[in-house]
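The values are calculated or read from the model by the stated rules, or taken from the named source; none is laboratory data. Just so you know, these numbers come straight off a predicted model, no measurement behind them. Positions of Cβ are backbone-derived with ideal geometry, glycine not excepted, and every protein chain shown enters the neighbour counts. What goes into the accessible areas is simple: the full protein's heavy atoms, side chains included, and nothing from ligands, DNA or RNA. Shrake-Rupley method; radii C 1.70, N 1.55, O 1.52, S 1.80 Å.
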Amino acid sequence: MADQPVVRRRIVKTGISEERTNSSKVQSQYQPYKDAAWGFSNHWYPALFSKELPEDHVEGIQICGTPIVLRRVNGKIFALKDQCLHRGVRLSEKPMCFNKETISCWYHGFTFNLDDGVLSTIVANPDDKLVGTTGITTYPVQEVAGMIFVFVREDDFPDADVPPLSHDLPFRFPENSEKFPHPLWPASPSILDDNAVAHGMHRTGFGNWRIACENGFDNAHILVHKDNTIIHAMDWVLPLGILPTSDDCIATVEDDNGPKGLVQWLFTEKWAPVMQNKELGLKVENTKGRPYRTSVVLPGVLMVENWPEEHVVQYEWYVPITDDTHEYWEVLVRVCPTDAEREKFQYRFNHFYKPLALHGFNDCDLYAREAMQNFYSDGSGWDDEQLMATDISPITWRKLASRWNRGIAKPARGVAGARKDTSLRFKDTADGRRPGYKVIKIEEE
């Protein structure tokens, strides 16, 4: 008997594969993502709502460690690097504009063309050899549905390679309805649709953008929402969690001409809701379903279809400011062809969506992300985390983002937040100023 070969039965695998586990082999497939503490460069990001930049107004922001100044002139928006090439002063701290074609540094008078960033003159030294030979980076801008988007590029990224805004926005419907069918709700609107109206807000989150982004489509994190007012007011069924049942529970989209991202096949047989935990005596007993589907595309844009109601879609952006802060954009979109529909949507946003969904529901996400920040702040968290079946979603996203991002952002020299031990940071803390997205302007008495 001992000389006979051992016959081993073929092992049949069921459920999802072990690729979900956070082994060193899996991690090696998303090293670029682990390197992207400051975000992905060469992508479109929301900068401001249109109403935040009225005519001839100047505003300074920071995205992916890049300081950006925006100015609206005759309705057109210009975006330039908000860092004077002379000695690094932020132009937006004390806006100085002598005409409609330029913006000047308020410190030493270096003056730059709005359209191409070229140094056109120096206020008190107009014949200096630098004039006309140098300049600052400009950034493509697009304004849609009441939102201003900026293509945050590296200094040498050519204009010819700037992709359409649609390549950095969520998948559109109904053009993708055949590819991603779902019978439980109508096709979601897009911010690029005719008559699309976007209402929302943005606020600074104190954590890395990747933690925030993964929170948005993490199907286990819905536990933190179980006590939200909107859930109980609407008597919605909110599972304790949602588990994947097969390897094809997520579809990745990597077409050459379009956005790169993933779609989760929620509310199909590919995901199973967890309604009870007998050991803990937990059971979901609500009566009304609120079916939805989440997807995420580069550079980190979440779409929640059919939320919080039919014919409405929620977009979320997690715009990197520094490696430990991000600007959290919460935007609801609906197509409103008539003035009456626009007024109704505005009213519903003010009195229902904003207080109960954007604040009441999403506030939980903000503090949940902050609860993870310390674990990931020194970069070791990505190696030490121990993931579970549901984490197939962030692992799939990390791999895809590593393959298709257009650049790993690095903070520009002299950028706020690149160092945590500067006297200015301590001064702001002592003055009660939180790290933020917009430049605080100099005020003279």
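Highest average first, the peptides 41-51, 131-141 ordered by how many other beta carbon atoms sit within 10 Å of their residues are 41-51, 131-141.
Selection among S23, G258, L332 by position relative to the dipole of the chain gives S23 as farthest towards the positive end (Cβ unit charges, Cα centre). For the chain, the longest principal axis of the alpha carbon atoms and the long axis of helix 362-376 meet at an angle near 90°. Take the chain with all the other protein chains still there, run a 1.4 Å probe, and you get 49 Å² of accessible area per residue.
Among R348, R369, R71, the largest mean-square fluctuation in a Gaussian network model of the chain (Cα springs under 10 Å) belongs to R348.
Between the helical axis of 339-348 and the longest alpha-carbon principal axis of the chain there is an angle of about 70 degrees. By the Cβ distance rule of under 4.7 Å, the chain has these cysteines without a partner: C64, C97, C213, C249, C336, C364.
Using a ≥ b ≥ c from the Cα gyration tensor of segment 341-445 (square roots of the eigenvalues), is it rounded, prolate or oblate, where a/c under 1.5 gives rounded and otherwise the larger of a/b and b/c decides, a/b for prolate? Oblate, because a/c is 1.5 or more while a/b does not exceed b/c.
For segment 270-379, the tally of Lys pairs with Cα-Cα distances below 30 Å comes to 8, considering only residues 8 or more apart or on different chains.
Computed from the C-beta positions of R342 and E52 and an R0 of 25 Å, the FRET efficiency is 0.80 to the nearest 0.05. If you run the Gaussian network model on the chain, springs between alpha carbon atoms under 10 Å, then out of E269, E305, E154 the most flexible one is E269. Given a 10 angstrom Cα cut-off, can you work out which residue in W106, W329, W307 is the most mobile in a GNM of the chain? Fluctuation is largest for W106. Sorted on the mean count of surrounding Cβ atoms within 10 Å across their residues, most packed first, peptides 73-81, 319-327 read 319-327, 73-81. Out of every Cα pair in segment 166-260, what percent are spaced more than 16 Å from each other? Taking all Cα-Cα pairs of segment 166-260, the fraction more than 16 Å apart is 75 percent.
Across the chain, the relative contact order, built from alpha-carbon pairs under 8 Å that are at least six residues apart, equals 22 percent.
At q = 0.12 Å⁻¹, what is the base-10 log of I(q)/I(0) for the chain according to the Debye formula with one equal point scatterer per Cα and no solvent? Please give it to two decimals. Taken in order of the listed q values, log10 I(q)/I(0) reads -1.07. Normalising by residue count, segment 55-159 has a Cα convex hull of 101 Å³ per residue. With r defined as the distance between the Cβ atoms of H232 and L387 and R0 fixed at 30 Å, what FRET efficiency is calculated, to the nearest 0.05? With a Förster radius of 30 Å, E is 0.45. Per atom type, the chain shows carbon and sulfur on 50% of its accessible surface, probed at 1.4 Å. Packing order of peptides 333-344, 82-93, 285-296, highest average first: 82-93, 285-296, 333-344 (average count of other Cβ atoms within 10 Å over each peptide's residues).
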